[in-house]
1. Amide H to amide H under 5 Å from Leu331: which residues, 5+ apart in sequence or cross-chain, H placed 1.01 Å off N in plane?
2. Quick one: of Lys122/Lys191; Lys103/Lys195; Lys41/Lys122; Lys133/Lys224; Lys133/Lys156; Lys39/Lys195, which pairs are farther than 24 Å apart, Cα to Cα?
3. How would you classify region 50-125 from its alpha-carbon gyration tensor, with a ≥ b ≥ c the square roots of the eigenvalues: rounded for a/c under 1.5, else prolate if a/b is greater than b/c, otherwise oblate?
4. Can you send over the carbon and sulfur percentage of the accessible area for the chain, probe radius 1.4 Å, protein chains only?
5. Quick check: from the Cα gyration tensor, does region 72-212 come out rounded (a/c under 1.5), prolate or oblate?
6. Using Cα pairs under 8 angstrom and six or more residues apart, how large is the relative contact order of region 135-243, in percent?
7. Cα atoms only: what Rg and Dmax, in Å, come out for region 318-375?
8. Provide the per residue accessible area, probe 1.4 Å, for the chain, rounded to a whole number of square angstrom.
Amino acid sequence: MSQIESQHVSDFPWHLGVFDAHCHPTDTMSSIDEIPRMKAKTLTIMGTRGEDQDLVSQTTMSLSDTARVLPCFGWHPWFSHQLLDDLSHSRDSETENKVSHYKNVLTPPPDDQFIAALPDPKPLSQLISETRKRLRDHPAALVGEVGLDKAFRLPKAWTKTDMEGRDASMTPGSREGRALTPHRVQLDHQKAVLKAQLSLAGELRRPVSVHSVQAHGAVFDTFKSLWSGHERKTSSRRERRRRYSATDAHTQSDAEDQKQSPVRKDESPLPYPPRICMHSYSGPVEQLRQFLSPANPSDVYFSFSTVINFNGPSSQRVIEVIKALPDDRILIESDLHTAGQQMDDLLEEIARQVCELRGWSLDDGVRRLAENWNRFVFG
């Protein structure tokens, strides 16, 4: 490494605290031992499916410095078909067997051979009960990763050859390179699973990390269904204009309006999550106004990763979004499945990108991002 490169690396202010708002190190449990040696201060680690919920909890308790990780428990939309919706009044779950369940929630309906390779569905009520217990066991834990995904297709069933060649270091349950089928999870079913988990987050007043692919409108509508009747009272535009200059209003994200309805940790359960993170947000800049309306009773944050946001044709859109967001609603993440140096490198890369786009110095930007993460997590 040249002297210039060495200086560039040492210039990054890790000592100010860098927080990964969304990652998946429990997908590679062999990497967990790297966490104490990482430069990042805290990793917000997500649960996604049946195979990793306990691993998230175990990872948290296995570290001598438990502040290095923040556990999150949730069921990802990629695995939502594995849940039997026994909470919706429109479904007669008691008479629904495995075959009829998967033919109802998957489109196009799969054949019996494909269904035979799928797991027996877990009742949604059971998932919510188990997640509630995990959240109570971990008082600082979040709900995540949850959400909606219109693009996802189920992978083909495992073959004997696939099983013999799979990477044993990877936690089971993910795609692991298998070819995709045409089968998708019905959006209405995904919404039922998402809404149940958002309601649980409100009940226990926990923030949530939300996945959204080609579904930002549907995600917002789901939030809105929980917000209905609980909107914040807001000042008129003229009154806000009197209080702030245009710059202040942008950077403070209508904070004065939000102070009218403060969130206190000792209040009764809510019907909606207090705070929401749109993870690796890929929606258009025009949609920010909906998510950031001062009438919304949930505070919505947006996190960004180089892996998802700056690795494709939508990079320009993401640049516009990052430039348009209020200073106090931006988070960074790695969205990586392996802890260690690569995760640190990705966090530094996205932090530098955000600071450059916002016109922040590195020290100022890292401080702001750390403050945003702490506010998102703890209120």
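The values are calculated or read from the model by the stated rules, or taken from the named source; none is laboratory data. In this text the structure is predicted, and so the values were computed from the model without any measurement. Counting neighbours? That spans all protein chains shown, and the Cβs are built from the backbone with ideal geometry, glycine included. SASA here: full protein model, heavy atoms, side chains in, ligands and nucleic acids out. Shrake-Rupley method; radii C 1.70, N 1.55, O 1.52, S 1.80 Å.
1. When sequence neighbours closer than 5 places are left aside, the close amide H contacts are Phe302, Ser303, Phe304.
2. Details: Lys122/Lys191 16 Å; Lys103/Lys195 22 Å; Lys41/Lys122 36 Å; Lys133/Lys224 27 Å; Lys133/Lys156 33 Å; Lys39/Lys195 36 Å.
Over 24 Å Cα-Cα: Lys41/Lys122; Lys133/Lys224; Lys133/Lys156; Lys39/Lys195.
3. prolate
4. With neighbouring chains kept in place, the figure for the chain is 49 percent.
5. Here region 72-212 falls in the oblate category.
6. After rounding, I find 42 percent.
7. 11.4, 32
8. On the way: 17670 Å² over 379 residues.
Result: 47 Å² per residue.
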